[in-house]
1. Quick check on my filter: what residues within the stretch 271-314 are buried (at least 18 other Cβ atoms within 10 Å of the Cβ) and more than 21 Å from the chain's Cα centre (by Cα)?
2. Would you check which residues across the stretch 66-97 are closer than 10 Å to TYR40 by Cβ, in a helix (DSSP H, G or I) and under 19 Å from the mean Cα position of the chain (by Cα) and list them?
3. If we keep just the residues of the stretch 40-65 that are outside any helix (DSSP H, G or I) and in contact (Cβ under 8 Å) with a residue 24 or more places away in the chain, which is surrounded by the most Cβ atoms within 10 Å (Cβ to Cβ)?
4. Given (1) crowded, with 24+ Cβ neighbours inside 10 Å; (2) within 9 Å of the ligand (Cβ to nearest atom); (3) in a loop (DSSP other than H, G, I, E, B); (4) not polar (S, T, N, Q), identify the lone condition not met by GLY183.
5. Among the residues of the stretch 95-117 satisfying the criterion of being open to solvent by 30 Å² or more (accessible area, probe 1.4 Å) and near the ligand (Cβ under 10 Å from one of its atoms), which is nearest to VAL166 (Cα to Cα)?
6. Output the number of the condition that MET291 fails; it satisfies all remaining conditions of (1) within 16 Å of the ligand (Cβ to nearest atom); (2) not in a helix (DSSP H, G or I).
7. Quick check on the stretch 118-142: of everything there that is charged (D, E, K, R) and more than 7 Å from the ligand (Cβ to nearest atom), which residue is least open to solvent (accessible area, probe 1.4 Å)?
8. What single numbered condition from (1) assigned by TED's automatic domain parsing to the domain that holds SER114; (2) open to solvent by less than 70 Å² (accessible area, probe 1.4 Å) fails to hold for GLU195?
Amino acid sequence: MEREVAPNIEQWEAAGELPRDLHRKAAAAGILGVGFPECYGGIEVPDAFYGVVLTEELARAGSGGLIASLMSHGIASPPLMHAGTPQQKERFLAPVLSGEKIAALAITEPGGGSDVANLRTSAHRDGDHYIVNGSKTFITSGMRADLLTVAVRTGDAGLGGVSLLVIESDTPGFSRSRLDKMGWWCSDTASLYFEDCRVPAANRIGAENAGFLAIMLNFNNERIMLAAQAWAFAVVCYEEALAYARERQTFGKPLLARQVIRHKLVDMKMRIDAVKAQLDILCWRVSHKQMLVAEVCMLKNLATSTLEDVAGEAVQIFGGAGYLRGAKVERIFRETKVLSIGGGASEIMKDLAARQLGY
Ligand SMILES: Cc1cc2nc3c(=O)[nH]c(=O)nc-3n(C[C@H](O)[C@H](O)[C@H](O)COP(=O)(O)OP(=O)(O)OC[C@H]3O[C@@H](n4cnc5c(N)ncnc54)[C@H](O)[C@@H]3O)c2cc1C
């Protein structure tokens, strides 16, 4: 992070995307492979804490866009890992883990992201191919991705008619356009369009119409990692604010000499530590094969609302300097909302938790 990312992050933010070479370097450093099988170039790990430690280190550059885009295979590739055939893994997983290809996950559609079971992109069977029509939006790494894990409707309405297909970006009929955002600038986000794309049926992940469960399991892991991100960025904000408060003098004293500022920092740390405690407990429980849904939804909301508060207070402690481009706290503040919306918005997390808790 210090050698390859920190000196370049401002330039990539301005460019609106990460260089492909970074994926190769990250693969060589062992970053892309964490949690994937060794035989496809991954690094097998015994528990979920490895992902949290990785996220903590990646967050040091103070850019959520870096994590979202460099690690977009972290949401695109697990369905392949769990339900793909050995041939599919060889073709679609190995080149991603080596950093040669970029993978993205495409679930959300212009018609709606929260209501996943209602997705409309269609895939009709034609011999040994599917003909795919429809569009996706808000897709992370969508402009650069070579391989897209796409949720399509292969059957009836509702959650029982959804499948996952790997669609290659050079498929005729596929096109995409860039979206500009509030934050996550170095992460290229795209709308995707499929017009009569012929996709081999051999690219389907798992059984036909069995995609919804894979999507839900994927969401659960993604939500833990989004909570880890929110926690890690809150730590960065707290550390930046503490260092600034030590150094900045007002009315002849450092900011840290003021009780108001010290109390802000204690409140930030108190909330950050509570998130970490809950994150650790849930990591331990999922690592012991416990299937947690309500707990993960609540963790995501706890972590992301903590980040919103902590980032806001960090900018406040920085004063005008926190409002200027180039300050880590300014960028993180702009990036808070995406964590409360992406991967399941807070309202949806509460609804899902309530259902799981039997209300
Ligand atoms: C930067 C960025 C990157 C993203 N990357 C990806 C990606 O890589 N792949 C991908 O598939 N998607 C991606 N997304 C999409 C993201 O997952 C969706 O934005 C999210 O799931 C919400 O869907 P929506 O935007 O369509 O909002 P909607 O579903 O339209 O909801 C709008 C608001 O209404 C609330 N709401 C909706 N239904 C209800 C209800 N029943 N009761 C109460 N409140 C409700 C929601 O909580 C939300 O606040 C990304 C989004 C962003 C912003």
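The values are calculated or read from the model by the stated rules, or taken from the named source; none is laboratory data. Because the structure is a prediction, the values reported are computed rather than measured. Every residue, glycine as well, gets a Cβ built from its backbone with ideal geometry; the counts of neighbours run over all protein chains shown. Note: areas computed on protein heavy atoms with side chains; ligands, DNA, RNA excluded. Shrake-Rupley method; radii C 1.70, N 1.55, O 1.52, S 1.80 Å.
1. ARG271, GLU313, ALA314
2. Matches in the stretch 66-97: LEU80, MET81, LEU93, VAL96, LEU97.
3. Looking at the filtered set, the residue picked out is SER63.
4. (1)
5. THR108
6. (1)
7. This residue is ASP126.
8. For GLU195, the exception is condition (2).
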